[in-house]
1. Do the sum for the chain: with -39,500 (n - 2.57) for every DSSP H run of n ≥ 4, divided by all residues, what is the mean residue ellipticity at 222 nm, to the nearest 500 deg cm²/dmol?
2. Rolling a 1.4 angstrom probe over the protein chains, ignoring ligands and nucleic acids, what is the accessible area of Glu195 in square angstrom, nearest 10?
3. What Kirkwood Rh does the chain have if only Cα atoms enter the pairwise 1/r average? Answer in Å.
4. For segment 270-414, what proportion of DSSP beta bridges, expressed in % and rounded to the nearest 5, is antiparallel?
5. Could you sort Tyr177, Tyr128 by accessible area so the largest value comes first, with the probe set to 1.4 Å?
6. For the chain, which whole-number percentage of the solvent-accessible area (1.4 Å probe, protein heavy atoms only) is attributable to carbon and sulfur atoms?
7. Relative contact order for segment 90-180 using alpha-carbon pairs under 8 Å, separation at least 6, rounded to a whole percent?
8. Go through Phe105, Trp554, Ala55 and say which Cα lies farthest out towards the positive end of the charge dipole of the chain; charges sit on Cβ, +1 for Lys and Arg, -1 for Asp and Glu.
Amino acid sequence: EITPAAIEAIAAADRHGLLEATNELIAGDDESAPWWPQIAAAKAAITLVSMREHADVAQAKIDEGFAQCAEAEKDGQEDSTAKAALKAAFEACNTADELISQYQFHLTAIDATRTLLTTLGNHAQKDYIASDLATMDKAIDAAAAKASTGADVSTEVETVMTRYHATVLLADGYARYLDLRSQPEVEDRLTELEEHAHRYAIKPSIDTMRAKLQKAADEIGANNPEAAIKLLEEARALGTSAFVTAEMMANTPPSEDDLKKILAHPGGADELDAIIDKLPEEAQRAVLKVAFKARYGCDIDNFNTASLTVPLPDGSQKGPNIKAFYQAMEDLPLADTLDNDAMQDFAIMDIKVGTSFYDNKKKRVVMDEGNAATSNTRHLGSPTEVEVTDDDCKLANDDPMDYFNWNTLHEVGHAVDDRDNYMVKNGKNDSHGGWVFYGANLKPIAEKIKSKYDYDLNYIVTYMAGNANPAIPEKPEAKACSDEEWEALRISVREHVDMAREGRKPWASMGAATKLAIDGIVYQESYARKWHGYKLAARSQGVTGYQFRAPGEWFSELYA
């Protein structure tokens, strides 16, 4: 539309430029300027304009131009009167040229509009927009008729084009509506749900879905395809959710595709969680595992051997523990579960073989918690374990914490710590326990114990290393104590080291931690032959004693 109009505009501007130059010559203040030779030029210009295509739309102005030329040629009149007539002739010529150019522009726009309307008239959904097409055809015909009188019809043409674009959206929207409504997850799904054996469990969803489909039809009838499509999308999502619910009620594992559809739309995770929460105790493992993997992004299997090599077949076994693990993790951020590459596998022990743990090499959480229904209570903030004096770290309430849920969150916490290397980066800071890892390097700790008891360093190192009966050192000559006192020091050293060993769980007792502290640092064997030191003062901000076993446990207990 723009190109031919621009070409015509340039041509018109060029013509008007010549005419206006002559016009300025005869209309200027210079009385000596010869104006009468321009009468012939005016006649020639008017004649040229009258020969343009569609000149009939400006015939009145053309006639006016020739008439003014005749006035300028009359004898016996003042020069000023003749010059005024000649100027009027040129102005009529300019106006005629503008009217013809304007009409040509309108014709181009009207023809282009009619072409678009003809194309739209072949739309697959032309019947849906028939009244709009008729209205636009009538309007563009009226604009063409008005333009032939020399009138400006830009507004009329733009009005038709605005309606055209809206009608295109209307037709395309209706086509999308029909396509969506014909999808198997919409009307066919509603029929499927109405005939499902477990339709009693999803009746509210069926009723709502049916109402949305009817409302969508009403919106289409009111020419609101976008509103109708939105309702169909809602009905489809509701149908998928209801179908998954019914299938799981029937102990039929849902398809991964259906679960992905649920999780893909806003609030999808909460929606799937609500489905799982409503499942009865009879829900089978195979059903729950599909949902668990979709929701948390990791494989989940049952085992009965510590080797964790061959998973147990699900068969028709119930999965209350799987449901409990699922529910324990519902409130965790997706970044910690679904999007966490450090948690790729979730193993459940069917028989008690040890304790729950996280395998950072295999990126696997291993849960050995027994029956969720009989889980004990996890006590937090116990004064026998931690001495919380920091007001910001005191418990908000005394609500009991289920140990099964607590430990689930604890092991996920290990995966989060592993993903971010959090304690590797922060564990040494006083705000995070002030941890120091010694491993099997016992001498630095032995020197601290020696500073407390003033006993033989080699004996302390040897005893810490696992030799239950190191050679008893002779009392140094410079040592100002009796043999009995020297022996008492040896016994005190052994008691101190024994209290710090892993088997005594020194982290579990506030009293033990206090006794083990040397210069405010607690030194202990966190795991076999792996020794740590941490700030005793950190226990004033603790939640459990186990938090102070090792840096990873410090993070995971706080995470839980």
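1. So the helix-based figure for the chain works out to -18000 deg cm²/dmol.
2. 140 Å²
3. Taking every pair of different Cα atoms in the chain, averaging 1/r and inverting gives 33.0 Å.
4. 40 percent
5. Result, largest first: Tyr128, Tyr177.
6. Taking all protein chains in place, the chain shows 52 percent carbon and sulfur surface.
7. 38 percent
8. Trp554
The values are calculated or read from the model by the stated rules, or taken from the named source; none is laboratory data. Please read these numbers as outputs of a predicted model, since none were measured by experiment. In this analysis, Cβ positions are derived from the backbone assuming ideal geometry, glycine residues included, and neighbour counts consider all displayed protein chains. Each accessible area value is taken on the protein alone, full model and side chains, heavy atoms only, with ligands, DNA and RNA left out. Shrake-Rupley method; radii C 1.70, N 1.55, O 1.52, S 1.80 Å.
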